[in-house]
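The values are calculated or read from the model by the stated rules, or taken from the named source; none is laboratory data. What you are looking at is a predicted structure, and each value in this text was computed from that prediction instead of being measured. For neighbour counting, all protein chains shown are included, and Cβ atoms are generated from backbone atoms with ideal geometry for every residue, glycine included.
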2 protein chains.
Amino acid sequence: MTAKIAINGYGTIGKRVALAVKAQKDMKVVGVVKTRPTFEAWTAVENGFKLYTPSKSVAAMEEAGLAVAGTQEELIEEADLVVDATPGKIGDEMAALYRSLGKKAIFQGGEEHELCGTSFNAYSNYSEALGKDLVRVVSCNTTGLARTLYPLWEAGYVRGVLATMVRRAADPGDSKKGPINAIEPSLKVPSHHGPDVQTVIPGLPISTVAVKVPTTLMHLHSVAVELKKNVKPETIIDRWSPLRRIMLIDGSKGLPSTAQVMEMARDMGRPFSDLWEIAVWRDGVHVKDGVLYYFQAVHQESDVIPENVDCIRAMLQMETDPQRSIDETDRRMGVGVRRR
Amino acid sequence: MTAKIAINGYGTIGKRVALAVKAQKDMKVVGVVKTRPTFEAWTAVENGFKLYTPSKSVAAMEEAGLAVAGTQEELIEEADLVVDATPGKIGDEMAALYRSLGKKAIFQGGEEHELCGTSFNAYSNYSEALGKDLVRVVSCNTTGLARTLYPLWEAGYVRGVLATMVRRAADPGDSKKGPINAIEPSLKVPSHHGPDVQTVIPGLPISTVAVKVPTTLMHLHSVAVELKKNVKPETIIDRWSPLRRIMLIDGSKGLPSTAQVMEMARDMGRPFSDLWEIAVWRDGVHVKDGVLYYFQAVHQESDVIPENVDCIRAMLQMETDPQRSIDETDRRMGVGVRRR
């Protein structure tokens, strides 16, 4: 059986999940929902996806010359699972729609944990999503923290975590948001990221603060981990190196900032020039006075994409073993394939 | 007696120290050294300062139409103390020159502590500079940390400090440096700022990490202080509020980022639209689980200016009481005068 997946919303996340699902052998995209006839609606069609739209939007889409395969409800009816990639603030409404049609759905990190009651990160809690009807894949920042912290937590190294999130102001394709020449602290402390990580790593003692800066490429996390035992940087790096969704990089080898990291991703020739892996600077890993320090860069548009694919497999119980799903997702997408 | 001050270098720091010294009653600027006939040489003359230059530059300056009052050596001979605001990397050479002419000198934070053996912050260690020949006023970032941390350290609140420095990429008048759309971690951990703070607050347990971002206005520090006792945010704020060189601001009152903070400074009508005070967000001060969190913004071009004035008084033993020097400096410059 090939799982039938509907993609509701074809923006930053939706278009990426659509391509990632298309790359798998055990699932397929039955259609995508777009509400307005933007350039992204055209690229959906060019990528071979059937276009659906809410009934009130059919006329506008057809007027723009786009072939509409049916309504949003018709697409959802046809699917085994919906990946919700709609913009924020309509999660409740959408969840009610999926429930009324008896369909499973994945939400994204913009929604609250409470909407679904289950949050997801493939490394830390795949099994919790098995058979569930509604699951939230946590945000890009939370995914980044979970990927690098879980292996340390699992190993019993972590007494406490303080992470400073230096956040990009807007995505590269956005020209509406700022700041353009300023640094903006999130005056709410701790920021929401800490509790969010706890939805996928329960019990992790973590506190986070966040600052927004004028860049579009990636988020950067400065992480300080109070260690339970005196562990060497090499031991930490050894924990991370087998994990394909963590990419160890070297500042000393021409990658001093997020600019070069994303330039490397462009060289790799992936869809949208994405970097699905969390980039961790090997030469930025230090242990001083019982505290581990490291820096990681998070490609906010794409690190959650493989997580969505795994979450589909867990919810539809297509694969009960986390590692086998992760291996399959990564192999089909090309996650963890390094530069030569 | 009015102390005779020479300003060696009339760039970002030199031009500001010159105006601040000029504003005092117990000291005066006997001349400034400029090595090239840039626009800043002209503004020095327009501000009424006599222009000196190394002998090898006299011809070039006069050719450009600038009246040269004498050579660098002649100016130093005439002065009681030299404020060195020359660009980096010539500290050793300059220190040798001042020593050979038997003159006291202040260096800036770009130099190493070892050059002078004494580092200076008016709040934390004024008395250490009394009568000294060579003293270094610590950098903008170190000054910012010392101003807000010393009152907490003195009160016995501090068990340990972890500060994340989100640094501006370049000064507003600079178009040579980046990043322009990236976040660049300082992979050396801890960054040099922690040990630098310890040169003015010996024994303070502090660790710092630094990240550079594409903005020009101010640095921003995200500070986490492990507390020795459970202190309320209000108590912390009460420690800071009598101090004129700390400005408590509210994000909720239209000051969410460094952009608005510097816009406020422009409205205040100060020379160069400077903000000498460290701006601390009152609504960003939080205590959670025994850790104090706060954010502060540092105007990198100007926060060290009042410190230079106090350092002059200490070195020339014009005033042995720190508070009386600070009061005088602040009154003459207008430090701590808030918006109505």
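Output the residue which, of all residues in region B:261-309 that are small (Gly, Ala, Ser) and touching a helix residue (DSSP H, G or I) at 6+ places or on another chain (Cβ under 9 Å), is nearest to residue A:191 (Cα to Cα).
Within region B:261-309, the match that is nearest to residue A:191 (Cα to Cα) is B:284.
Would you tally the residues in region B:203-250 being modelled with pLDDT of 95 or more, out of contact with any helix residue (DSSP H, G or I) (no Cβ under 8 Å at 6 or more places or on another chain), surrounded by fewer than 21 Cβ atoms within 10 Å (Cβ to Cβ) and of a type in the set (Lys, Arg)?
2
Does residue A:155 fit the bill of being within 12 Å of chain B (Cβ to nearest Cβ), in contact (Cβ under 8 Å) with a residue 24 or more places away in the chain and surrounded by fewer than 24 Cβ atoms within 10 Å (Cβ to Cβ)?
no
Taking residue A:295 as the residue in question, decide whether it is among the aromatic types (Phe, Trp, Tyr) and out of contact with any strand residue (DSSP E or B) (no Cβ under 9 Å at 6 or more places or on another chain).
The answer is no for residue A:295.
Can you name the condition, by its number, that residue A:40 falls short on among (1) more than 26 Å from residue A:329 (Cα to Cα); (2) at pLDDT below 95?
(1)
Could you grab me the full set of residues in region A:37-85 that are in contact (Cβ under 8 Å) with a residue 60 or more places away in the chain, part of a loop (DSSP other than H, G, I, E, B) and touching a Phe, Trp or Tyr at 6+ places or on another chain (Cβ under 9 Å)?
Passing the criteria: only A:85.
For region A:315-340, which positions are of a type in the set (A, V, I, L, M), crowded, with 20+ Cβ neighbours inside 10 Å and either out of contact with any Asp or Glu (no Cβ under 8 Å at 6 or more places or on another chain) or modelled with pLDDT under 95 (or both)?
A:333, the sole residue that qualifies.
Which of the residues spanning region A:181-206 are at the interface with chain B (Cβ under 8 Å from one of its Cβ atoms) and β-branched (Val, Ile, Thr)?
A:183, A:189
Return the total of residues in region A:295-338 being more than 22 Å from residue A:109 (Cβ to Cβ) and either part of a helix (DSSP H, G or I) or facing chain B (nearest Cβ under 10 Å) (or both).
Result for region A:295-338: 6.
Looking at region A:84-106 only, could you name the residues that are of a type in the set (A, V, I, L, M) and closer than 16 Å to residue A:13 by Cα?
A:85, A:90, A:105, A:106
Are any of the residues in region B:159-180 surrounded by fewer than 20 Cβ atoms within 10 Å (Cβ to Cβ), more than 10 Å from chain A (Cβ to nearest Cβ) and over 26 Å from residue A:215 (Cα atoms)?
Yes: one or more hits.
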